[in-house]
Every structure is written in structure tokens, then in C-alpha cells.
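What follows is a single structure, written as C-alpha cells, with notes after it.
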Amino acid sequence: MPFEAQVASAALEAAAPPEQIFDLATVRRLELDLDYAGAVTPPEAWQLVVSRAAALIDVRTAAEFKFVGRVPQSVNVEWRGEDPAPRAKFIDDLRRIADPDAPLLFLCRSAVRSDAAAAAATEAGFTRVYNVLEGFEGQRDAAQQRGHINGWRRAGLPWIQD
């Protein structure tokens, strides 16, 4: 097992119970002045997914989801922005797969689209929406490359690719 995967595995074994993770997410909501329930780190998100305490919704494009990589057990509901028609389609698609009171974790490339999608879902009546900080690929480094600073993949968490 690669070192990063060993670290991630050890972190998950020592992870807090879901209630504590949700409490941390609420603290982040206050600290970051978020318009939705809160924010979780990638390792916290994975812990919530594997414990079945929350569903992971990947809001990237279908092409990103398929070819860049995806998290096992995640569902793709594409966020196409704030314009009324794409926003309405996103909310309709989300309503088809999720209960409005279920804990939902939103993930995108770098946590920007998932932030906007989380705010829109909350405005539409979803009560327990959380953004996954850092995103799947993370922030850009000095060379404008992703995947070297932070993010789901950098954390060594499980992902698959077609």
C-alpha cells in the first residue's frame, strides 16, 4: 500500500464519529460564513460516506466524473451554474435522488462549484448540505497545476477512473 494510502487509512481508523464531524462542519459554517449547513475536509467526507452517514454528490461535469476520476459510492449531479434553467435542472435532479433532509456532501474539482451548488440546494429546501473543502483535485500550485497542494486525490483517499 502506498504511503499516502496508509496515512489516509490510519486517519480514517482514528476518525471522529459522524456526529463530531457534523459538529466540526457547523463550526466551519460559522467561521467561513457559509450559506449552507457546513464544510468538511476530504478525509471527513470519506468517513461520512463509508459510515453511511451522508451521501456524496459530485457536481462536476459528466466528463470530469468519468475521465478525471470519481469517488466510489458518489453520484454525479452536474452543476452548470446560477442561470435559472440549469439551476432548476440541478435541483430537480437532486430531488430525484435525495431526501431534502438527508446529509449531502457536495464535491467538485476545487470546492468552488460545490460551494455554489450547496448554497442553491439549501435555498431550494435541502437542510443538511455540506461542501467538501479542497475538492477532488485541490488548489493550483505556483505552476498552475492541481493535485500537488491539497484535495481528495492528494489526501490519498479512494478514487477510480475510467
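Annotations
- 10 Å Cβ shell holding at most 15 others, DSSP loop, trypsin sites (Lys or Arg not before Pro): longest site-free stretch of the chain: 81-139
- Listed candidates (i) 37; (ii) 25; (iii) 44 - label of the one calculated as percent of Cα pairs over 25 Å apart: (ii)
- Within a Gaussian network of the chain (alpha carbon springs, distance under 10 Å), most fluctuating of V132, V49, V27: V27
- Estimated from helices alone, the mean residue ellipticity of the chain at 222 nm is -11500 deg cm²/dmol (sum of -39500 (n - 2.57) over DSSP H runs with n ≥ 4, per residue).
- Using θ = phi - 60° and Karplus 6.51 cos²θ - 1.76 cosθ + 1.60, couplings along region 152-162 (whole Hz; Gly, Pro as x): 4, 5, 4, 6, x, 7, x, 7, 10, 9, 7
- I91, I57, I149 arranged by Cβ crowding within 10 Å, fewest neighbours leading: I149, I91, I57
- Backbone amide hydrogens, once placed in the peptide plane, bring N131 within less than 5 Å of G38, A39, V40, F106, excluding anything fewer than 5 places away on its chain.
- Of all DSSP beta bridges confined to the chain, the antiparallel ones make up roughly 10%.
Bear in mind these aren't lab numbers, they're just calculated from the coordinates by the rules spelled out. Being a predicted model, the structure only gives us computed values, none of them experimental. As a convention, Cβ positions derive from the backbone with ideal geometry for all residues, glycine included, and neighbour counts pool all protein chains shown.
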